[in-house]
Each structure stands twice: as structure tokens, then as C-alpha cells.
Amino acid sequence: MNKLVFATNNQHKLSEVQAMVGKLFTISSLADMDIIEDIPETADTFEGNASQKSAYILHHYQLDCFADDSGLEVEALQNEPGVFSARYSGTRNMEANIDLLLSRLGNNMNRNARFRTVISLRIDGEHHLFEGTINGIITDERIGIEGFGYDPIFIPNGYDKTFAEMAPEEKNSISHRAIATAKLVSFLKDRNNI
Ligand code: IMP
């Protein structure tokens, strides 16, 4: 059986990827491998952070693995919050992070934004990157109670509701994370002639 470590402690992300990969690979989390230290994430791009995390696991534990990094980029804010999405306001408090974003955007007519995920895979000495992007607009105020993070203020293009108004299955079928994960899974399947 092929094994891959997913450099995450987010059980939800782990189950989602495992479901998509099926029986082809067994995916373990950091906790499953008893890796408990904080993995450095100090780059200034999603690619940099995802690659830094996967390189850390490979070099310290010699394990084939993948890592992801995601965030929201707002065009009128020069792609902020970007890699600072989780702590834009200096705290992990999402109410404060959303308040800061909405106040910085103010009445700006350019509400264009996108969520991006980059996955870095290290397998058999090779390095591969997979990206998922979903474009949309930032609302003037929060709408909806589902999801997490910036979901209440993001309407994907082609929809008339925010991510936070969607059932989880609907969001998870179109999200940046789903797109990047599908690319990873299709790569792994092709590689194994599945
Ligand atoms: P992570 O790299 O997937 O942990 O994402 C970093 C941060 O980006 C999260 O803490 C959220 O603030 C934001 N983010 C990433 N993906 C989403 C999403 O699907 N909805 C809302 N916010 C997200």
C-alpha cells in the first residue's frame, strides 16, 4: 500500500483528501506520525509555505508527503491578506480579520477577490505543485453562517450567495481546495495507472 503524510493537523482536510484518493494511498496526518512540533511556515507566498512544510517533513523524517497553504487575495488591497489570511488583524480572531478587511476595502468599487490553495507534493525524490483558484467578489457585509474564515464575505463568480450560505457539500465541490486536491489526486492516479 502506498503511504503519504499530509502535513496537517486538520482532521477535516485529511478525511476529505482520503475520501478522494480512495484505496490508492493511505494518508496520515502529522499526529498519526507522532510529529508534534510546529512546522515553520515563514515564506511570503502560498507556494513557498506549502513547499517549506513538505520539505521539512521530507528532510526531518524521510517521508513522502504533501502540504497545503491557502488564503484570500483581494485585488484592491494588492492581494492582501494572502499568506496573512489566518492572522490579518494580528490575531486569529476571524471577526477582527473580517472587520479589518471590510474597513480597508471601504467603499472601493473593485470588490474582486480570489481564494487560492497550493499543494506541494514530495514523492520519490520529485517535487510537484498543484494549484486551485476560485474567483469572486467581496460583499459589503457578512451574509450566511456556514463554513469558516472569510466565507461570509465571499461570493464566487456565477453564484448569488456567499460561501457561508452554501451547504458544505456545495462549497466543497467548487472550492479552491477541492480544485487543488482534485489535481493532486488525478496526478497520483495517473502515476499508478489507475
Ligand atoms: P489554510 O492554509 O488552509 O489553513 O488557510 C489559511 C487561512 O485562509 C484560514 O485561516 C482562513 O482565514 C483563510 N481561508 C482558507 N481557505 C478558506 C476558505 O475556504 N474559506 C474561508 N477562508 C479560508
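Remarks
- Beta carbons closer than 6 Å, at least 6 apart along the sequence or on distinct chains, pair a first residue in the stretch 67-85 that is at negative phi with a second that is among the aromatic types (Phe, Trp, Tyr) and within 9 Å of the ligand (Cβ to nearest atom) for ASP69/PHE46; LEU72/PHE115; LEU72/TYR150; PRO81/TYR88.
- Among the residues of the stretch 131-164, those identified as part of a strand (DSSP E or B) and within 14 Å of the ligand (Cβ to nearest atom) are GLU131, GLY132, THR133, ILE134, ASN135, GLY136, ILE138, PHE154, ILE155, PRO156.
- Among the candidates GLN11, GLN78, GLN52, residue that is modelled with pLDDT of 95 or more, exposed (fewer than 14 other Cβ atoms within 10 Å of the Cβ) and either under 24 Å from PHE130 (Cα atoms) or in contact with a Lys or Arg (Cβ under 6 Å, 6 or more places away or on another chain) (or both): GLN78
- Lone qualifier among PHE25, PHE46, PHE84 - being within 16 Å of the ligand (Cβ to nearest atom), closer than 17 Å to LEU121 by Cα and surrounded by 13 or more Cβ atoms within 10 Å (Cβ to Cβ): PHE46
- Here is the figure for the stretch 2-28: residues that are in a strand (DSSP E or B) and over 17 Å from VAL185 (Cβ atoms) total 0.
- Test: residue in the stretch 29-36 that is among the polar types (S, T, N, Q), outside any helix (DSSP H, G or I) and surrounded by fewer than 18 Cβ atoms within 10 Å (Cβ to Cβ): no
- Taking first residues from the stretch 30-54 that are under 29 Å from ASN79 (Cβ atoms) and partners that are away from the ligand (no atom under 13 Å from the Cβ) and charged (D, E, K, R), the Cβ contacts under 7 Å between residues at least 6 apart in sequence or on separate chains come to SER54/ARG122.
- Lone unmet requirement of (1) within 16 Å of the ligand (Cβ to nearest atom); (2) open to solvent by 20 Å² or more (accessible area, probe 1.4 Å); (3) in a helix (DSSP H, G or I) for ASN97: (2)
- Among residues of the stretch 151-177 that are more than 22 Å from GLU141 (Cβ to Cβ), those with a beta-carbon under 8 Å from a residue that is in a helix (DSSP H, G or I) and more than 10 Å from the ligand (Cβ to nearest atom) at least six positions away or on a different chain give the pairs ASN172/GLU16; ARG177/GLU16.
The values are calculated or read from the model by the stated rules, or taken from the named source; none is laboratory data. Values in this document were obtained by computation on a predicted structure and should not be read as measured data. Methodologically, a virtual Cβ is constructed for each residue, glycine included, from the backbone with ideal geometry; neighbour enumeration extends over all protein chains shown. Side chains are part of the model used for accessible areas, which takes the heavy atoms of the whole protein and leaves out ligands, DNA and RNA. Shrake-Rupley method; radii C 1.70, N 1.55, O 1.52, S 1.80 Å.
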